[in-house]
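Okay, so here's the structure we're looking at.
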């Protein structure tokens, strides 16, 4: 008997995002470490746009590779989640790239209040960001609106799901375990 596959609960999506975020931090650190010997040879300075582009592409390759091969990152696999297209077909690279861009924007908005709290508590950083409270309030408003719209959506999708035409589904438990 086959079990019904449902949209993924928000808490599972966040748990998988934490797993994948930690993996992405590790991959980013390895990329930056490997780039250190090349930086003087190529004339790259820390924070250079080219270096940021490489880090961006490495992240896109990380998520895109997993999403186009089975629809599951390691975090999604741990929490029994799978990314699928709206019609059930496999995710292709252009869709994975759109989803990655939208996901970065979504998480950037969601993490702005955390960054704002850190900046406001730092006496050395706070003077350099005079409008950080307003940015944090705007980010909280947008994040809450996105989460509220998720509950109005019949398939429980977040903005990066809408923009990429994908769904994150909760897979049934494996009965053999």
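The values are calculated or read from the model by the stated rules, or taken from the named source; none is laboratory data. No experiment lies behind these values; they were computed from the predicted model shown. Virtual Cβ from ideal backbone geometry, glycine too; neighbours counted across all protein chains shown.
Can you name the residue in the stretch 148-169 that is crowded, with 18+ Cβ neighbours inside 10 Å and at pLDDT 90 or above and, of all such residues, is farthest from residue 9 (Cα to Cα)? Filtering the stretch 148-169 for residues that are crowded, with 18+ Cβ neighbours inside 10 Å and at pLDDT 90 or above, the one farthest from residue 9 (Cα to Cα) comes out as 164. Going by what's in this entry, would residue 30 be described as part of a helix (DSSP H, G or I), under 20 Å from the mean Cα position of the chain (by Cα), farther than 18 Å from residue 96 by Cβ and modelled with pLDDT of 95 or more? The answer is yes for residue 30. When residue 18 is tested against (1) within 12 Å of the chain's Cα centre (by Cα); (2) surrounded by 14 or more Cβ atoms within 10 Å (Cβ to Cβ), only condition (2) is not met. Find the residue count for the stretch 54-89, including only residues that are touching a residue at least 60 places away in the same chain (Cβ under 8 Å) and surrounded by 15 or more Cβ atoms within 10 Å (Cβ to Cβ). Counting residues in the stretch 54-89 that are touching a residue at least 60 places away in the same chain (Cβ under 8 Å) and surrounded by 15 or more Cβ atoms within 10 Å (Cβ to Cβ) gives 9. Examine the stretch 101-123 for a residue that is under 29 Å from residue 65 (Cα atoms), in a helix (DSSP H, G or I), at pLDDT 90 or above and touching a strand residue (DSSP E or B) at 6+ places or on another chain (Cβ under 8 Å), and state whether such a residue exists. Within the stretch 101-123, not a single residue is under 29 Å from residue 65 (Cα atoms), in a helix (DSSP H, G or I), at pLDDT 90 or above and touching a strand residue (DSSP E or B) at 6+ places or on another chain (Cβ under 8 Å).
Of 143, 136, 96, 116, all but one fail to be farther than 30 Å from residue 166 by Cα, surrounded by 13 or more Cβ atoms within 10 Å (Cβ to Cβ) and touching a helix residue (DSSP H, G or I) at 6+ places or on another chain (Cβ under 6 Å); the exception is 116.
Contact map, the stretch 19-46: first residue in contact (Cβ under 8 Å) with a residue 12 or more places away in the chain, second residue surrounded by fewer than 15 Cβ atoms within 10 Å (Cβ to Cβ) and not in a helix (DSSP H, G or I), Cβ cut-off under 8 Å, separation 6 or more or different chains; pairs are 39/45; 39/46. In the set 83, 57, only one residue is closer than 18 Å to residue 156 by Cβ and either part of a loop (DSSP other than H, G, I, E, B) or at pLDDT 85 or above (or both); that residue is 83. Residue 109 fulfils the conditions (1) at positive phi; (2) touching a helix residue (DSSP H, G or I) at 6+ places or on another chain (Cβ under 6 Å) except for a single criterion, (1).
Among the residues of the stretch 150-161, just one is in a helix (DSSP H, G or I), within 19 Å of residue 5 (Cα to Cα) and under 14 Å from the mean Cα position of the chain (by Cα), namely 161.
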